[in-house]
1. Show me 88-97, 46-55, 122-131 ranked by packing, highest mean number of other Cβ atoms within 10 Å first.
2. Calculate the spin-label point distance for GLN60 paired with SER90, positioning each point 7 Å from the Cα along the beta-carbon direction, and give it in nanometres.
3. Translational diffusion coefficient, Stokes-Einstein: compute it for the range 36-131 using the Kirkwood radius over C-alpha pairs as Rh, at 20 °C and 1.002 mPa s, and state it as an integer in µm² s⁻¹.
4. Probe radius 1.4 Å, ligands and nucleic acids ignored: give me the carbon and sulfur share of the accessible area of the range 42-137 as a rounded percent.
5. So if I place +1 on the C-beta of Lys and Arg and -1 on the C-beta of Asp and Glu, and nothing else carries charge, what would the dipole magnitude of the range 27-102 be about its Cα centre? I want it in debye, nearest 20.
6. Please give the contour-minus-distance gain from ARG75 to ARG110: 0.36 nm per residue of separation, less the Cα-Cα distance, rounded to one decimal in nm.
Amino acid sequence: FAPGAAQPTAPRGYERAEFADNSPGSESTQTTDPTALTPAEIAAFRQGIQACWTTAGLSQEASVITVTVGFSLDRDAMLDRSSISLVSASEGSDAAVSMAFKAASRAIIRCGANGFDLPKDKYDQWREIELVFSPERMRNQ
């Protein structure tokens, strides 16, 4: 998100999505910056991945683990599958964290199979993404 920009309310299962701000002068980017992603663009992206994410089949332990997953996209908004990584996870066994991470990774891969619908002129904002997948938050929506 651009510094100072309003943060959209996260849809089911998401606490936040962070998009890289690698544009020149990004440290002083304002909400009027035409290269900044709008709250609507961010929310649409998250909702798209939400539709591909399921916690069905996760163990009881894995079903309460929140994972943050990072990944990169190329200029055509195509997923670089090799870039998918676990950034962080709430407490749990290695097996449960792995299950939760794999469920989140599958959602990103499924939704990104044909690329993501992101504005090409804002590539510097979305080339690197971190998403937080929270099963508990999803159940409470």
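The values are calculated or read from the model by the stated rules, or taken from the named source; none is laboratory data. Source: prediction; values computed, not measured. All Cβ positions, even for glycine, are placed from backbone atoms using ideal geometry, and neighbour counts span all protein chains on display. Please note that ligands, DNA and RNA were not included when accessible areas were found on the heavy atoms of the full protein model with its side chains. Shrake-Rupley method; radii C 1.70, N 1.55, O 1.52, S 1.80 Å.
1. Working: 88-97: 14.3, 46-55: 17.5, 122-131: 19.9.
Ranked by mean Cβ neighbours within 10 Å, highest first: 122-131, 46-55, 88-97.
2. It works out to 1.6 nm between the two label points.
3. Details: Rh = 13.9 Å.
Diffusion coefficient, whole number: 155 µm²/s.
4. Percent of accessible area from carbon and sulfur atoms in the range 42-137: 47.
5. Its charge dipole is roughly 220 debye.
6. 10.7 nm
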